[in-house]
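The values are calculated or read from the model by the stated rules, or taken from the named source; none is laboratory data. Computed from a predicted model, the values in this text were never measured in an experiment. Every residue, glycine as well, gets a Cβ built from its backbone with ideal geometry; the counts of neighbours run over all protein chains shown. We work out accessible area using only protein heavy atoms, side chains counted, and drop any ligands, DNA or RNA first. Shrake-Rupley method; radii C 1.70, N 1.55, O 1.52, S 1.80 Å.
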Amino acid sequence: MYRTPRLFLFAAPLAAVPGRAVAAGMPQLNFHDPLLIGQVVWGAVIFGGFYLSLSRFALPRVERVLSNRRTRIQSDLDVARKAKAEADRASAELLSARHEAAEQARAHVERIQSEARASADAHAAETAKRLESEIANAETRITQSREEALSSLSEIATSTTQDLVARLIGTQDEQTVASAVKRVSA
Amino acid sequence: MTGEASVAAGSTIDALGQFELHPVLGHLGEALRFSQSPLFMLIAVAIVLVFLYVGMRPAAVVPGRLQAAAEISYDFVHDLAVSTIGENGATFFPFVFAIFFFILAGNYLGLLPFSFTYTSHIAVTFGLAIMVFVISILASIRFQGVGFLKHFLPAGTPVWLAPLLVPIELISFLSRPVSLSIRLFANMVAGHVLLEVFAGFTIMLAGLGAFGHVLAIAPIAINIALTALELLVGVLQAYVFAILTCIYLREAVAH
């Protein structure tokens, strides 16, 4: 599955190269060579050392730097998020304070208005009452005056009649005249 | 590829001489069986470790180029291990990282003139493959107990098929280290033999006089293209080896 066309390319020049190279055999397959086995042992030692220095020192160092960066970015993000939340809260507070103030102001205006209305009403009612009582007083006075006038009418009528009778007939009988006037005016 | 582009006796090309092992450090190397192969293993390992060390030394929050390269190689293998093996991938990540970079560094180091490609030796690649094989068996026992043996009879198979299926599964299981090692070995050998052969053509053509000098440009051009191809193959084979390691390990840790 991971084959490359190179392997086929490889075959062509090898076939073109006359015998000796291939016939001599590959040095990689000369297992009698102590150096061949030696490189495997050395390879194991070197690879082991490589693995250990990678897993103990080199790679954790990279990981530290990467995780430092991650935490730093994360903490910066957290700070930014917190600042935003605070700003949001402050703005919400401001809004609600403004709202509250507006509400208060409206309530205040309404109260003053209603107070003014109430006082105006009271004033009007008072005036009306005063006027009514004055009217009532005036009417009483008028009635009184009329009654007075009416009551003094018979007196005036009687005295006038007595004067008239006295003038006409020279005598006066107060009693008679008074009863006559009373009879007439009744 | 080796610098000893040895053209034997003028007419033949010694394409395999580059794979011969020679002791280094004189008698000490001979006594310790220390050839250029382990020497280049040491160089490769040192390059990778120095790369990681120097790259990560700034430990900057905003990485520079080298640090970014080190982090990318870390992330690349880490993602490969974790996404393929699963939640236990982090346990095997250093191992997969070591495998990948040991092979990659070996493949790339081998492309330099006068160097040696230790991944072109079947003994080395088979050693790596056997190591992966043994570790995946140990991981199977560690994570699944003896129960991992039931993988040799796929679930839902009729019992009468078992005598046929179990040997097939067993053979395919046992052939894993063989295919794993031969794939890498053959790829590296093929690439380096091709480079050597075309380099040899150049020298042979150059021996033919003025006309040959002109013709010799063709194999050089081919070798340039082959080098580019080898750069691709080097990383591809390292990747294939690493991802197959991950797949075997996933089977080992999966329940």
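Taking the centroid of alpha carbons for each part, region A:57-71 and region B:66-112 are 15 Å apart. Other residues within the sphere of radius under 13 Å centred on the Cβ of A:Ala124, judged by their own Cβ, net out at 0 (K and R +1, D and E -1). Can you tell me the 0 to 90 degree angle between the C-alpha axis of helix A:34-53 and the longest principal axis of chain A, rounded to 10? Approximately 20 degrees, to the nearest 10.
For every other residue with a beta carbon closer than 12 angstrom to the beta carbon of A:Ser75, add +1 if it is Lys or Arg and -1 if Asp or Glu, then tell me the sum. Here the charged neighbours net out to +3.
How large, in percent, is the carbon and sulfur part of the accessible surface of region A:130-176 at a probe radius of 1.4 Å?
Roughly 54 percent, rounded to a whole number.
Panel values: region A:108-154, Kirkwood radius from alpha carbon pairs, Stokes-Einstein at 37 °C and 0.692 mPa s, translational diffusion coefficient 248 µm²/s.
Projected over all directions and averaged, the alpha-carbon convex hull of chain A occupies 35.1 nm². Against the main long axis of the alpha-carbon atoms of chain A, helix A:6-16 sits at an angle near 20°.
Close amide H contacts of B:Ser35 (hydrogens built in the peptide plane, cut-off under 5 Å, sequence separation of 5 or more or a different chain): B:Val24. For chain B, the spherically averaged projection of the C-alpha convex hull amounts to 19.6 nm². Using just the helices of chain A, give the 222 nm mean residue ellipticity in deg cm²/dmol: DSSP H runs with n ≥ 4 each add -39,500 (n - 2.57), and the total is spread over all residues, rounded to 500. Mean residue ellipticity at 222 nm (helix-derived): -31000 deg cm²/dmol.
Rolling a 1.4 Å probe over the heavy atoms of the protein chains gives the protein assembly as shown an accessible area of 58 Å² per residue. Here the relative contact order of chain B, from alpha carbon pairs under 8 Å that lie six or more residues apart, stands at 27 percent. When the P(r) of the protein assembly as shown is calculated, the portion above 35 Å amounts to 58% of the C-alpha pairs. Between A:Ser133 and A:Asn68, the modelled label-to-label distance comes to 9.6 nm, taking each label 7 Å out from Cα in the direction of the beta carbon. Using the Cβ-Cβ distance between B:Val61 and B:Ile130 with R0 = 45 Å, the FRET efficiency computed as 1/(1 + (r/R0)^6) comes to roughly 0.60. In units of the compact-protein estimate 2.2 N^0.38 Å, region A:103-186 shows a Cα radius of gyration of 2.47. Just to be sure I understand the model, the point goes 7 Å from the Cα along the line to the Cβ. What's the resulting A:Ala124 to A:Ser179 distance in nm? Here the modelled spin labels are 6.3 nm apart. Using the alpha-carbon centroid of each, what span in Å lies between region A:122-186 and region B:220-255? Each part's Cα centre sits 141 Å from the other's. One chain, two ends: A:Glu93 and A:Arg111. Fully extended at 0.36 nm per residue, the span grows by 3.9 nm beyond their Cα-Cα distance. Neighbouring Cβ atoms from other chains, within 10 Å of the Cβ of residues in B:219-232, number 1 on average. Kirkwood analysis of region B:1-131, using all unique Cα-Cα pairs, places the hydrodynamic radius at 17.1 Å. Across chain A, Cα pairs under 8 Å and at least six residues apart give a relative contact order of 8 percent.
Which angle from 0 to 90°, rounded to the nearest 10, does the C-alpha axis of helix A:174-185 make with the longest principal axis of chain A? Once rounded, one gets 50 degrees.
Taking the 1.4 Å solvent-accessible surface of chain B as the whole, the part contributed by carbon and sulfur is 75%. The simple Förster model, with R0 at 25 Å and r as the Cβ-Cβ distance, assigns B:Ile137 and A:Leu29 a FRET efficiency of 0.40.
Kirkwood's formula applied to the C-alpha pairs of region A:79-134 gives a hydrodynamic radius of 14.9 angstrom. Remark: accessible area buried at the A-B interface is about 4800 Å², both chains counted, probe radius 1.4 Å. In region B:57-199, the convex hull through the Cα atoms has an average projected area of 12.9 nm², a quarter of its surface area.
Spacing of the modelled spin labels on B:Thr227 and B:Leu112, each 7 Å from Cα toward Cβ, amounts to 1.4 nm. Roughly how many whole Å is it from the C-alpha centroid of region B:23-59 to that of region B:154-186? Region B:23-59 and region B:154-186 have Cα centres separated by 37 Å. Applying D = kT/(6 pi eta Rh) to region B:148-255, where Rh is the Kirkwood radius over alpha-carbon pairs, T corresponds to 20 °C and eta to 1.002 mPa s, the Stokes-Einstein value obtained is 121 µm²/s.
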